[in-house]
1. State the number of residues belonging to segment 179-212 that are more than 17 Å from the chain's Cα centre (by Cα) and either within 16 Å of Gln343 (Cβ to Cβ) or part of a strand (DSSP E or B) (or both).
2. Please specify each residue of segment 90-113 satisfying the condition of being within 16 Å of the ligand (Cβ to nearest atom), of a type in the set (Phe, Trp, Tyr) and out of contact with any Pro (no Cβ under 9 Å at 6 or more places or on another chain).
3. Consider Ile69 carefully, then state whether it is at pLDDT 90 or above, within 26 Å of the chain's Cα centre (by Cα), within 29 Å of Gly184 (Cβ to Cβ) and part of a strand (DSSP E or B).
4. Can you pull out the residues in segment 161-198 that are within 17 Å of Glu219 (Cβ to Cβ) and among the acidic types (Asp, Glu)?
5. Hey, does segment 317-324 have a residue that's within 16 Å of the ligand (Cβ to nearest atom), at pLDDT 90 or above, assigned to a loop (DSSP other than H, G, I, E, B) and not aliphatic (A, V, I, L, M)?
6. Any idea how many residues of segment 1-37 are in contact with a helix residue (DSSP H, G or I) (Cβ under 9 Å, 6 or more places away or on another chain) and at pLDDT below 75?
7. So, Ser62, is that one in contact with a His (Cβ under 8 Å, 6 or more places away or on another chain) and polar (S, T, N, Q) or not?
Amino acid sequence: MRFLIFLFCMFLPLYPAFAAVDIALQGKDPVRLENVYQQDGIPYIAIEDALDAVGLTGYWNSITHSFRINTKRGLAEISPASGFLKIGGEYYPLKDKPRFIDGRLRVTDSFILNQLAQLSGRSIYFRNLDSNTDKVSAKKVSGLEKLFAFLLNKKTSENGPMIGAVAIDPGHGGLDTGIIASSGYKEKQLNLDIAEKLAKQLKMKLGIPIYLSRDGDYELTMEQRLQSASKEGVDIWLLLHAQAAFSSELRGVSLFVRPEEVTSNVTDQNDVEVFGSDSMQLATELARSLRESAIAVRGIYPSSRLSLGRGNLPTVQIELGYLSNPEELEQLQSPKYQDKMVQALYMGIQRYAKKSKEK
Ligand SMILES: [Zn+2]
């Protein structure tokens, strides 16, 4: 039987790539975890391994079908395929749902860096040893990743308009709601609202085609999300999301680019000169325009998720704000603030386009 399962696994079409990660509590030596699965560029780490690495304990409760973590705040609970962490009577949204892979309940880097760091009360250092491009390309690359790398190469257009077209991917949709705020407001709705408004602005003012990965409330596969970005003439790809944290204090927009594209001093508030890749330049212009519109920007960061989109198509993932901050939630829900945000994003794109034309 074991052998049969092994054989079956060998012929699974989307065989997950193996990865290794380093996890450490602030100031401690990192622990290397090898039994890590990587799917769609996201590392899945067995929850027991992750807890071990940060000095927490927990156990699987087969009656409640959930994993319980012992913390100073009491029992914290996660369940396979549930998008929430439960502590006491409170539910906190998770960016990625825990999943059973290879017989173990697994969580992603986002869970470790956000929820686990807060449960342990200390900062956690996390490094995906496979997010390094050179290493990844030397190793087996999944079919999907190959597709990404192939599709997301910028098509060179010497003359013509400043930007040929823009692709926008409003995150989540359908059953995949993304973060649900305490008010019931859903991330998928915010992402779509901003995407549609931004598309309208760009179409009206630049007169170029804008491709949305979805124009309604439905779920998409990774390939479908990619289709809009691989359309003829697309010079910019924006992915829209929102965040949540335990602390209701956190607020502001965060911008993400591929890890290899981040240049130093990116969180500098007074970015005088812009260097780096096209994605980095686009992110910098977006940050600048947002700040000028009095919208708080936390910074520009690397995202290992975007390593999926290897290639050189200028790509920025925009986390529009924190739905866990009551004040920011109210703003994000208001059409007026949404318009302000869209106007600033439009300005950033226009500035980026102008500069790349001058080059
Ligand atoms: Zn999201």
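The values are calculated or read from the model by the stated rules, or taken from the named source; none is laboratory data. It should be emphasised that the depicted structure is a prediction, and the values quoted were computed from it without experimental measurement. FYI the Cβ positions are ideal-geometry reconstructions off the backbone, even for glycines, and counts take in every protein chain you see.
1. Residues in segment 179-212 being more than 17 Å from the chain's Cα centre (by Cα) and either within 16 Å of Gln343 (Cβ to Cβ) or part of a strand (DSSP E or B) (or both): 15 in total.
2. Passing the criteria: only Tyr92.
3. Yes.
4. The answer is Asp169, Asp176, Glu187.
5. Within segment 317-324, one or more residues are within 16 Å of the ligand (Cβ to nearest atom), at pLDDT 90 or above, assigned to a loop (DSSP other than H, G, I, E, B) and not aliphatic (A, V, I, L, M).
6. Within segment 1-37, residues that are in contact with a helix residue (DSSP H, G or I) (Cβ under 9 Å, 6 or more places away or on another chain) and at pLDDT below 75 number 4.
7. No, not satisfied.
Here is a yes/no grid of residues against (1) over 24 Å from Ser182 (Cα atoms); (2) of a type in the set (Gly, Ala, Ser):
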{"residue": "Leu33", "(1), (2)": "yes, no"}
{"residue": "Tyr44", "(1), (2)": "yes, no"}
{"residue": "Ile47", "(1), (2)": "yes, no"}
{"residue": "His65", "(1), (2)": "yes, no"}
{"residue": "Ile69", "(1), (2)": "no, no"}
{"residue": "Arg73", "(1), (2)": "no, no"}
{"residue": "Ser82", "(1), (2)": "no, yes"}
{"residue": "Pro98", "(1), (2)": "no, no"}
